[in-house]
Structures are given as structure tokens and as C-alpha cells.
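So the structure is just underneath, and the comments pick up after that.
The values are calculated or read from the model by the stated rules, or taken from the named source; none is laboratory data. Every value quoted in this text rests on a predicted model; they were computed, and no experiment measured them. Here Cβ is always computed from backbone atoms with ideal geometry, including for glycine, and neighbour counts include all displayed protein chains.
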Amino acid sequence: MGVKNFIGDLKVLYLAATTKPPSSEAIGSLPLLVQQHASSNPNRIALLCEDEQVTWQELNDQANRVAAKLEADGITKGDCVSLFMQNRIEFVSCMLGIQKLGAVVGMINTNLSTQQLVHCINLTESKKCIFGEELTQPLSEVTAELNLRDGSDYLFVSDTAETPAPNWAVTLDIKDDSIQASNPDVTSTLTMGDVALYIFTSGTTGLPKAAVVSNKRIFPLSNMGATMLLRINENDRMYNCLPLYHGTGLMAGLSAAFQVGASSVIKRRLSVSEFWDDIRKYNCTCFVYIGEFIRYLMSRPELKDDKINPIRAIIGNGLRPDIWNSFKQRFDIERIGEFYGASEGNGGFANVFNKDSTVGLGIAPVKLAQYDVAEDELVYDSQGRCIEVAAGDSGLLLIEVTEASKFEGYTNEEASNKKLVSNAFTDGDMYFNSGDLMKSVDVGFSFGQKHYQFVDRVGDTYRWKSENVSTNEVGEIINNFEDVIFTNIYGVEIPGTDGKAGMAAIVLRENISLAELNIRAFSDHISKCLPSYSRPIFIRILKELPTTTTHKLQKNDLRNHAYHLAQVEDDLLVMKPGSDCYSRLDSDFYDQVMQRQIRF
């Protein structure tokens, strides 16, 4: 550890010890931050997107025009306005404009359509919907099912100007310099306790739930991201290609830059081929990530100039240990600000000391409790209390609900209550059930602070041969085989067996087909590196890895299709009982499996 980093870590310890969570009554909001930057540094660049850029003053002016229009239309504090737009400068201007009035922004996933789109807009009782030209089509298909009025409640924001506003919407021109709008008076009265956003969870079952996000939730994460994880200032520039309707892109990315007045480069979506060229073009010193897109970057052929880039620090979540150090070394990254948190969660972890392969320290009181994976439930002692796991063992992460770590929940009270565990360890206590398995890890000297590592989602971990199998750990080992770039592990049911057998969906390196894969070597790698109970029984060869819109691995369809030949067009392999090498899954063997004639 260098002297500079050591001193920086001491400062972080001091900040952590002396900084109290903001009170709900304290004044503060993102639009107020922007107003302050517009006053102190009006001509500094705030945002860049494609060939466009705006200063803090211009951004604030655009947000004021949005606020003026909404206020004239009757929007007041507490109302919800849905925002349905791709990543671009206008998205940020509209989000800020809504918040300037104390209204709540419904952050609508830009990939939604039909039933889910209707659900999200109606669930939050939106009074208006601001949408981009680029998303006119999916919205036009559901207007009849929305609780909004044609001709007044839909505000159209131009994009390429190739398509005019539809007749059921009115144009919102936020770039018209002739429209003068001052800062609304209400903005200076907004508090940390005021609700700023509804961010929709992408839950594994059912329709999305709207997580309530107050300014008090946004500010600690974004401030910690800027000052403790990234350690940036107004001279830095962040590259942000994550969707801004999601918490990581918005709070860890954009809002962190807002905290210190750094500028942000906004990208509509991740482009692996353009990523490093963009970083160099815009001279970005940091970026925000999701772990799987780091895998995409690592899958590209190595170049001599990989280390020649201006990136100093990155912030995000989901970067797994199997590629952590190789990524850091290949691209000469100084700081990896890995954190853990959920849109609806009341706490999390942050790697403020830049330790390898860890989500860092807890930022709220936490306990790891024993969890029965097979029964999908907590384990209780004879007194009906949860049981803490031993150091180094994995357990269900429970985050204590305190005055400083309140659980703001969802817009649905019943859904909120299901996430809470009462009287967990003592009478009267309450914990947020994260749904994730974690473990403590030894990272060497770290000022006596305990560090943690993400293990798996509860629903992803499965039980086979009386053993718990962590999908992440198995996937990381398979990824180490030279011809594999991505692996997605999940449990599947086999008739006549207990538990779930392992299945791996893999993507091979470019120009490698199944015919060219050395199946013998691949099988040997799995047999050598994995215990028998965690070796996948089935392998599915994918052309590309299905992910969510936030670049997280998508397992639902893969799990449902399993190894069923009628549902899977990709090549399927199986490790037959008694064999030590994978072979093609054919219809004869499949039929024997389904007729319970094969004993695994």
C-alpha cells in the first residue's frame, strides 16, 4: 500500500466514524445540487452524449422548463410522473425537472411493453408520462389501458426529429432558449426524507414492484461512491453506459458525479467494440459497471494498448473473483469500487479500502444467518431465533432495520412486509431479508474491519446429492477453461431424483464451435476442479449469453427450458452416469431420463 493510498484510507476511516446519516428533515436533493453547480460553475460541462454536451447552467435551465410545464399542468409535490426514455441528456433534464417540484419520478424500464408497461405506469398512479420519440411505438400500443388522458397527460420529447408528436401527446421542448424559467421555490425546501424515485425491481417472479427511493437513500450511496470508492472531484469525467432507470447507473454513476461536480458521458447502451475508444475519446477517468459487462470487455482479444487508457477508478457491482485481478492488471485499473446493495434494500457493503475480490465493509448493521437451501427457509434454534453462521461460512444476509438504516419498502405494503424478519435474534428487532447468501473473507490488513463476499442469490443456489451448490462458484471455475468466455449455472429437475441437478449454459470463444471444442479436455477440467456433486450434468452451448437489461445474467428461461429437446434448439451435452466425458444428448437417452430409467 502506497503512502498516498494509506493516507486516503485513514481519511475514509475518519469520514466513516464522524459522518452521520442525513436526517430526514435536512434539505437536499439532486436538482438542488445541480442548481448549486449552475451557480458556482455555470460553464463547466455537466453531461456529454454522442455529439451533444451541456453545461451545468444549460442542464439546470432545461430542468426548469420541464418543471414549469408540469407545474402549469397541475403537478405538485408527491405526484408521480412516469419517465420513459432512453439514456440521453433529455432523460436527465426531465428527471431533474420532475424532482424540482417535489414530484416522484417513475423510472420506467425502456424495454417494457404491453402488460408490464401498463402495470408500472398504473401501479404508481402516474399523473403524467414523459416519453421519448424513440419509444413512441410501445407506448402507443397501451394508451387505452393507462389511467392517463390523451392530448394532455402524455408529454413527447423529440429525439432525432424524424417523427412528430402523435396526436394523443403534446410536445415538451426543453431546448427552447426563448422559454425562460427560474428555479422553482419548492426545490429549496425539499428534504432528505422526501421520496424522489420509484425504481422497479426485476424480480424473479410476478410483475415488477416499485421500490420507494428517497433523497436519503440516494445521497449516502452517491456521496460514498464519489468520495470513498472512486475518490473523484470536479476535474474527473465518468463514463456511464448503464441504464439510468436502474439504481446502479443512476445512484452509483450519475448521482456520484453530481455530488462532486464531475462531468458524465452518457451512452445509450453498452457497446463493447466502442467502449475503450469512447473512454479515450472523452478522456474519462472512471466508469460505472455491472460485473457481466466486465466479462464482455475481457472476452475481446488482448491489444498492446489495453493499458493505455485514462481510467483510474471504477464503481459497480457483480465483478466476480475469477476475473477481478486479470481485468485490473490487463487495463491497469488502480481502484475497483465494488459495492453491494439492492434498489429496495436498507443497507449494503462498499469496498472503500480497494481490497481485491470483496464487496467491502458493511454500511449498516448486518448478520449472516443459517439458511436451508433445500427447504428455501431460514434455520431457527429451539427458541425460534435465527442462527448466525461461523466465520467464513455462507449465510443469508440480514440487514438490521434501524433509525439510520430504515427500510422504505415498496409502494405495496404487503410486498414490503414479506421482506422483513421480526424478532430474528432478540425481542423487538427487525431485519431486511436480502435474499442473498454472503460470507466474510480475510483480505489481510484492513484497519480491523470485516470484509464480505457475495456468494449467490438464494433462488440460484440449489441442492444436489445432499450438498448446497453455489452457481457463482461453479460458473467461475468453468470460465477458467480456455475456450469458454461465459457460463450461467442453474439447477434443473430430473424425474425420480431429489434436489436439482446442475446445468451450465456456456458461450464459447469467438470462432470456436462445438465441433472444434476439445470435449475431453473440457470434461477433464470440470472433473478435476469441481467435486462430483457440483459438476453440471447437462451443458447447453449458446451463441450468446442471455442477460437482463442491466447486464445481469438471465436464468428464468434457461431454467424453464432446461435440457428438454423440444424446447432447446442449441446443442446439448450430458455427463452420463459412470462416464467421465460429456457427450451429445440424444432423444433415446432423453426419453430414458424422463421415464426414470436412468439413475444419477
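Within segment 511-532, is there a residue that is surrounded by fewer than 16 Cβ atoms within 10 Å (Cβ to Cβ), of a type in the set (D, E, K, R) and within 21 Å of Glu292 (Cβ to Cβ)?
Checked against the condition, which is being surrounded by fewer than 16 Cβ atoms within 10 Å (Cβ to Cβ), of a type in the set (D, E, K, R) and within 21 Å of Glu292 (Cβ to Cβ), segment 511-532 yields no hits at all.
From Asp150, Asp51, which residue is in contact with a helix residue (DSSP H, G or I) (Cβ under 9 Å, 6 or more places away or on another chain), over 23 Å from Thr189 (Cβ atoms) and of a type in the set (Asp, Glu)? Reasoning before the result, please.
Values: Asp51 fails: in contact with a helix residue (DSSP H, G or I) (Cβ under 9 Å, 6 or more places away or on another chain).
Going through Asp150, Asp51 in turn, just one is in contact with a helix residue (DSSP H, G or I) (Cβ under 9 Å, 6 or more places away or on another chain), over 23 Å from Thr189 (Cβ atoms) and of a type in the set (Asp, Glu): Asp150.
In segment 112-151, which residue that is polar (S, T, N, Q) and more than 16 Å from Asp79 (Cα to Cα) is surrounded by the most Cβ atoms within 10 Å (Cβ to Cβ)?
Checking each candidate, the answer is Thr136.
With Leu135, Leu139, Leu112 as the choices, which residue is of a type in the set (A, V, I, L, M, F, W, C) and not in a helix (DSSP H, G or I)?
Working: Leu135 fails: not in a helix (DSSP H, G or I); Leu139 fails: not in a helix (DSSP H, G or I).
After applying the criteria, what remains is Leu112.
Please verify whether segment 228-237 includes one or more residues that are modelled with pLDDT under 95, touching a helix residue (DSSP H, G or I) at 6+ places or on another chain (Cβ under 6 Å) and of a type outside the set (Val, Ile, Thr).
yes
Out of the residues in segment 231-269 that are assigned to a strand (DSSP E or B) and not aromatic (Phe, Trp, Tyr), state the one that is surrounded by the most Cβ atoms within 10 Å (Cβ to Cβ).
Result: Ser264.
Using beta carbons and a limit of 6 Å, which pairs, at least six apart or on different chains, have the first residue in segment 142-158 and over 15 Å from Ile130 (Cβ atoms) and the second one not hydrophobic (A, V, I, L, M, F, W, C)?
From residues that are over 15 Å from Ile130 (Cβ atoms), the pairs are Asn147/Asn122.
Go through the residues of segment 185-203 one by one and say whether even a single one is within 27 Å of Val54 (Cβ to Cβ), of a type in the set (Asp, Glu), more than 30 Å from the chain's Cα centre (by Cα) and modelled with pLDDT of 95 or more.
Yes: segment 185-203 contains one or more residues that are within 27 Å of Val54 (Cβ to Cβ), of a type in the set (Asp, Glu), more than 30 Å from the chain's Cα centre (by Cα) and modelled with pLDDT of 95 or more.
Listed here are the residues, each with its yes/no results for (1) aromatic (Phe, Trp, Tyr); (2) outside the structural domain of Glu482 (by TED's automatic domain parsing); (3) under 27 Å from Gly444 (Cα atoms); (4) not in a helix (DSSP H, G or I).
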{"site": "Tyr296", "(1), (2), (3), (4)": "yes, yes, no, no"}
{"site": "Asp305", "(1), (2), (3), (4)": "no, yes, no, yes"}
{"site": "Ile311", "(1), (2), (3), (4)": "no, yes, yes, yes"}
{"site": "Ser357", "(1), (2), (3), (4)": "no, yes, yes, yes"}
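Counting just the residues of segment 475-509 that are among the charged types (D, E, K, R) and touching a residue at least 60 places away in the same chain (Cβ under 8 Å), which one comes out farthest from Leu573 (Cα to Cα)?
Glu476
Do you know which residues across segment 340-352 are surrounded by 24 or more Cβ atoms within 10 Å (Cβ to Cβ), closer than 16 Å to Leu437 by Cα and hydrophobic (A, V, I, L, M, F, W, C)?
Answer for segment 340-352, where residues must be surrounded by 24 or more Cβ atoms within 10 Å (Cβ to Cβ), closer than 16 Å to Leu437 by Cα and hydrophobic (A, V, I, L, M, F, W, C): just Phe349.
Those residues that are surrounded by 18 or more Cβ atoms within 10 Å (Cβ to Cβ) and either out of contact with any strand residue (DSSP E or B) (no Cβ under 9 Å at 6 or more places or on another chain) or aliphatic (A, V, I, L, M) (or both), I need them from segment 276-292; list them, please.
Trp276, Ile279, Val288, Ile290
Which residue out of Asn560, Asn488, Asn511 is assigned to a helix (DSSP H, G or I), at pLDDT below 95 and polar (S, T, N, Q)?
None of the other options fit; the residue is Asn560.
I'd like the full set of residues that are part of a loop (DSSP other than H, G, I, E, B) and at pLDDT 90 or above, limited to segment 313-347.
Leu319, Phe331, Asp332, Ile333, Glu334
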